[in-house]
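The values are calculated or read from the model by the stated rules, or taken from the named source; none is laboratory data. The structure displayed is predicted, hence computed values, not measured ones. Neighbour counts run over all protein chains shown; Cβ positions are idealised from the backbone, glycine included.
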Amino acid sequence: MIALTLRVLAPFLVMGVLVLLLRWTWSKGHSVVPRSPAPGAPNEYGLLVPVAAPADSAQALAIGALLEQAGIRSTLADTKAGPRVMVFLDDADRARALLR
């Protein structure tokens, strides 16, 4: 009796799960794709600290190349206060000394 009931109800259960999954997949406003990052304050970048505030992208590339030649990893971040060249905290003092 239980096997017969399960055999009859199984297709309906599978269809119900598929309907729920498809409804969730095609619903609007609930994307699993992340949004593009919003700029934060210069102190909101975790282990990275700002060492320079370049005026334009050419100056940022020059600063990045200078730091790379010295073996210091850097990145350019668009912050709410404008573009900043960021390095890890361990390299910050060395990077600032090199940029003076």
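With respect to Gly46, determine if the residue is part of a loop (DSSP other than H, G, I, E, B), out of contact with any Pro (no Cβ under 6 Å at 6 or more places or on another chain) and not aromatic (Phe, Trp, Tyr).
Against the criterion (part of a loop (DSSP other than H, G, I, E, B), out of contact with any Pro (no Cβ under 6 Å at 6 or more places or on another chain) and not aromatic (Phe, Trp, Tyr)), Gly46 qualifies.
Please tell me if Ala92 is surrounded by 10 or more Cβ atoms within 10 Å (Cβ to Cβ) and out of contact with any Leu (no Cβ under 6 Å at 6 or more places or on another chain).
Yes: the conditions hold for Ala92.
When the residues of the range 50-80 are narrowed to those that are part of a loop (DSSP other than H, G, I, E, B) and within 17 Å of Ala92 (Cβ to Cβ), which ends up farthest from the chain's Cα centre (by Cα)? Break it down stepwise before answering.
From the range 50-80, those part of a loop (DSSP other than H, G, I, E, B) are 53-56, 70-73, 80; that's our starting set.
With within 17 Å of Ala92 (Cβ to Cβ) added as a condition, the list becomes 53-54, 70-73.
On the way: Ala53: 22, Pro54: 22, Ala70: 27, Gly71: 25, Ile72: 22, Arg73: 18 Å.
Per the stated criteria, the residue is Ala70.
Out of the residues in the range 51-77 that are among the charged types (D, E, K, R) and modelled with pLDDT of 90 or more, which is nearest to Ala38 (Cα to Cα)?
Start the filter on the range 51-77 by keeping residues that are among the charged types (D, E, K, R), which leaves 56, 68, 73.
Filter again for modelled with pLDDT of 90 or more, leaving 68, 73.
Values: Glu68: 26, Arg73: 23 Å.
Checking each candidate, the answer is Arg73.
If Arg94 meets every condition in (1) at pLDDT 95 or above; (2) of a type in the set (Lys, Arg); (3) assigned to a loop (DSSP other than H, G, I, E, B) apart from one, which number is that one?
Failed condition: (3).
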